[in-house]
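For reference, the structure is listed below as structure tokens.
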Amino acid sequence: MVSKLSDISVLVTKASGIKVPFDPEKLGRSLRKAGADNETASHIIAETEKQLYSEISTKEIYKIAFSILKKKARPVAAKYKLKKAIQELGPSGYPFEKYVGEILKCEGFDVQVGKVVNGHCVSHEIDVIAQKDDKHFMIECKFHNKPGNMCNVKVPLYIHSRFLDVEKKWQLQPGHGTFFHQGWIVTNTRFTSDALTYGLCSGLNLVGWDFPENESLKDRINHSGLHPITCLTTLAKSEKQFLLDAGVVLCRDLCEHPELLHEHFHISDRQSQKVLKEAKEVCTTTIIN
């Protein structure tokens, strides 16, 4: 690998294949948002720049920065890998549905996950149903475990038709005639331009990784403080999967019920304490906006 020359802009290859100049300020912002102080962020930028080479992938830059950050501030590193941690909630979409449900509970909604409801024409299995006061929402979660995947226009077209069938039935429920009903799509990636245009035009609420501003999935996670267990650096991938299969999704769950670590696999007391320490730090470390 060659170092970045001060007078040459190194091109970086994004997950979409697009090549853009390396932006140290963007890397610094992402590090600081995860909780890194200015000194740590500056150090990581400098060390990362030494390892840059032409058309390096954003994935490789992330690996370099994460490796350095993990050695300097493990709980910050856990939050820095948030986007990747969400992708690791798979391979099935159910942990993601449960995770979205927990975020909405934190926002004051009454939530049901994975419920079958009758529509006007046919029945539907709904990922998340959320209700608050006179607002009733049908929420479909679109989970992707690979970077670069996007929700195309077929997704809101399909979800909108399902919502209309469910809404027609909901409006017949006692007291629901004056309720506000809406269909949502929540994804851990992004929407194509056509998907955004149709979804918003049809009245759906679209929540993507960084859309809409201040109410994106990333924003909601940061505001709620609910981080998935997959962000923890002290657990092996197989251990995380054991917990996910058992319905344990949140770092908060481990903090409140440390016995979960021993219920699902053999783990030493010393390792258990490391995991719990990191989980508690992740739950309490302040996010910098």
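The values are calculated or read from the model by the stated rules, or taken from the named source; none is laboratory data. No experiment lies behind these values; they were computed from the predicted model shown. Note: ideal-geometry Cβ built from the backbone for every residue, glycine included; neighbour counts use all protein chains shown. We work out accessible area using only protein heavy atoms, side chains counted, and drop any ligands, DNA or RNA first. Shrake-Rupley method; radii C 1.70, N 1.55, O 1.52, S 1.80 Å.
Structural remarks
- Dimensions (Å) - segment 1-99, Cα atoms, principal axes, largest first: 48, 31, 20
- Dimensionless Rg/Rh of the chain - Kirkwood Rh, Rg from C-alpha atoms: 1.01
- Annotation: average projected area of segment 85-232 is 8.6 square nanometres, based on the convex hull of Cα atoms across all directions.
- Estimated 222 nm signal from helices in the chain, with DSSP H stretches of n ≥ 4 weighted -39500 (n - 2.57), rounded to 500: -13500 deg cm²/dmol
- Per residue, the chain exposes 51 Å² of solvent-accessible protein surface, assessed with a 1.4 angstrom probe and all protein chains in place.
- Candidates 279, 36, 46: whichever shows maximal mean-square fluctuation once the chain is modelled as a Gaussian network with Cα springs under 10 Å: 46
- Relative intensity, log₁₀ I(q)/I(0), of segment 47-150 from a Debye sum that treats every alpha carbon as a point, q = 0.12, 0.18, 0.21 Å⁻¹: -0.60, -0.94, -1.10
- Whole-Å distance, taken between Cα centres, linking segment 77-107 and segment 142-190: 19
- Taking the Cα centre of segment 126-198 as reference, the dipole from Cβ charges on Lys and Arg (+1) and Asp and Glu (-1) amounts to some 200 debye.
- What a 1.4 Å probe finds exposed on the chain is 51% carbon and sulfur by accessible area, rounded to a whole percent.
- Using bins of 5 Å that start at zero, the share of Cα-Cα pairs per bin across segment 185-289 amounts to 2, 12, 19, 18, 13, 12, 11, 7, 4, 2, 1, in whole %.
- GNM result for the chain, Cα springs below 10 Å: residue of 205, 118, 188 fluctuating most strongly: 118
- Estimated vicinal HN-Hα couplings, Hz - segment 273-279 in sequence order (Karplus 6.51, -1.76, 1.60; Gly, Pro = x): 5, 5, 5, 5, 4, 5, 4
- Listed by chain and number, the lysines placed with their C-alpha closer than 17 angstrom to that of residue 70 are 33, 59, 79, 81, 83, 84, 237, 274, 277, 280; residues fewer than eight positions away on the same chain are left out.
- Build a GNM of the chain with springs between Cα atoms under 10 Å apart, and of 23, 210, 219 the one that fluctuates most is 23.
- P(r) tail, segment 165-227: Cα-Cα pairs separated by more than 21 Å, 39% of all pairs.
- Average projection area in nm² (convex hull over Cα atoms of segment 66-108, one quarter of hull surface): 3.6
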